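Below is one structure, written out as structure tokens; comments come after it.
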Amino acid sequence: MAPQQQDLIGLVLFGTAKCNPKDKLKNISRPLDLAHPNVEYVKQIDLIMSDTNAASLQRPYSSSEHCSLADALWYCSSLFSQSGSNFEAKIILLFTDDSDPHSTDTDQAHKARKRAKDLNQLNISLELLPMGTNFDYSTFYKELVEIVNGFSDTEVDVTSKLEELLVRVKRLEFRTRRHAKLKWNLGMGVSVGVSLYTFYREASILPKEPLYRATNEPVRSVKQSHDQATGQLLLPSDVVNYLTVAGKDIVFTSEEKEMMYKFEEPELTLLGFEPLTSAKEDLHFGPSSFAYAEETLIKGSNDLMEGLVMQGIAKQKVALCRMTSRYRAATKYVYLFPRDETFDSAGNLQTSLGFHVIPVPYYNDAREQKFGEKSPEVTSCKVYQTLPDKAAQTERLGPLNKEFNNACSLNGEDISTCPASIRPAPDTSGSPAKKAKKPLPTEDLIQQIKSAIPKREVDRFTVAQIKEFLTYHKKKM
């Protein structure tokens, strides 16, 4: 199998001169034990792949013409049983360049076929990947693969096998896991066991896990509660929850608090059957699920589910149900659309038998979109939203604008009627003009600043006027 995250892989060599001391079988070696892919495995495989003459394998193992394919298959099957893991699929990928390994030994060929029957009973598959150009598949391995797998290809294309192997390695693996296991209550004491699987779900990034710098082990946080008065450490059983009602504290235990969230048992309840036309597309919201029959929950669920699906398709009906997927989950209404099995031209299953579980909104959540009609030829004037509306400002301010300007004037005169000064544009033609000397301040300004100094009213003059005043006095000294 392709080395995915949860898969176990191993490497067994047969036809070697040396063998492992712990193994009693001859001419069989095990460079890699059956385990999860790790860094050491990758390094060893890279070392083997980088050596074109296979010298890295010849030195520790050597080669021998004496080999038993039956012993090699038995050795591989024993690795699965010794691992102690429950496998979804057990596959032996056989690489060989000898199309008839036991052409002169009929006893070994008979043992290999007998061992192939054992692999079939142990639900172990065998895949052949022939090496070389003069490999004759029909001589020996066609019968062997048919005994193990129950079927066999007429010919084995090495190129297609390698392409299939590369697809497995590069393929992203998403394991199907049910998100709910419920009883579908049909009424009158009849129930069907169903398992719900999500069709669509966004892939989430795993949260960061803090690690201890010295040992690189995960750091776990521990929450402790202390008594506020004495500082004594409290156990989880010492902490209770309470709710204040009418000035009194009502205490709840953790079991009572948990029961508050169990308003309804997780169940799928049938409310009735509706015509297929009543399930409008604009009522669907959220990702849908798919309900399979769960025989382990209630026996006979497969047969009853098949009958419901067939009758729903024949009568063009959908089932309206109330669903509570798990504790603390909100109860919602769903439509169950029946779907029959479909197969491709090769006889492979494409869609399974079951129901599409599509949630529908409540009455208050339904919205009717109202769209108005407008001619596409009509154009509207572009209005600048950043410019202020001066007419509206003047209307809203009224006489306050004039009063504000008079209150903020420097000399107390009415400046609302003063014309705004316009700065002449600079003359950019010819050579740059010399900077003109600023004239000295007038006597009126000097007298105003002098009279404002004792009154501490100098802040009403500008910085430029103060600089000119100081420059004038400096030149007079």
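The values are calculated or read from the model by the stated rules, or taken from the named source; none is laboratory data. Bear in mind the structure is a predicted one, so any value in this text is a computation, not a measurement. Every residue, glycine among them, receives a Cβ derived from its backbone with ideal geometry; neighbour counts consider all protein chains shown. What goes into the accessible areas is simple: the full protein's heavy atoms, side chains included, and nothing from ligands, DNA or RNA. Shrake-Rupley method; radii C 1.70, N 1.55, O 1.52, S 1.80 Å.
For the reader, a short list of remarks on this structure follows.
- Fully extended contour minus Cα-Cα distance, from SER81 to SER221, at 0.36 nm per residue: 46.5 nm
- Distance in nm between pseudo-label sites at LYS402 and GLU146 (7 Å out along the Cβ direction from Cα): 11.3 nm
- Label-point separation, ALA214 to ILE45 (7 Å along Cα→Cβ), nm: 3.6 nm
- Pairwise FRET efficiency - ASN134 versus LEU32, Cβ, R0 = 25 Å, nearest 0.05: 0.30
- Of the cross-linked pairs LYS90/LYS299; LYS280/LYS317; LYS26/LYS111, those separated by over 19 Å at the C-alpha level are LYS90/LYS299.
- A crude spin-label estimate for the pair THR244 and ARG326, with each label 7 Å from Cα along the Cβ direction, gives 3.5 nm.
- Local electrostatic count, LEU349, Cβ distance below 15 Å [Lys/Arg +1, Asp/Glu -1]: -3
- When each of the peptides 128-141, 34-47, 387-400 is scored by the mean number of other C-beta atoms lying within 10 Å of its residues, the order from highest to lowest reads 128-141, 34-47, 387-400.
- Cα gyration tensor shape for the stretch 103-145, rounded if a/c is under 1.5, else prolate or oblate: oblate
- For the stretch 79-133, a/c is not less than 1.5, where a ≥ b ≥ c are the root eigenvalues of the C-alpha gyration tensor, and a/b does not top b/c. That puts it in the oblate class.
- Extension reserve of the ASP303-GLU395 stretch, reckoned as 0.36 nm per residue once the Cα distance is removed: 25.0 nm
- Per residue, in Å², the accessible surface of the stretch 207-280 once ligands and nucleic acids are set aside, probe 1.4 Å: 92 Å²
- Length gained when the stretch LEU186-GLN108 is fully extended (0.36 nm per residue, less Cα-Cα span): 22.1 nm
- For the stretch 254-267, Karplus couplings with θ = phi - 60° (6.51, -1.76, 1.60), whole Hz, Gly/Pro x: 5, 5, 5, 5, 5, 5, 5, 7, 8, 5, 8, 5, x, 6
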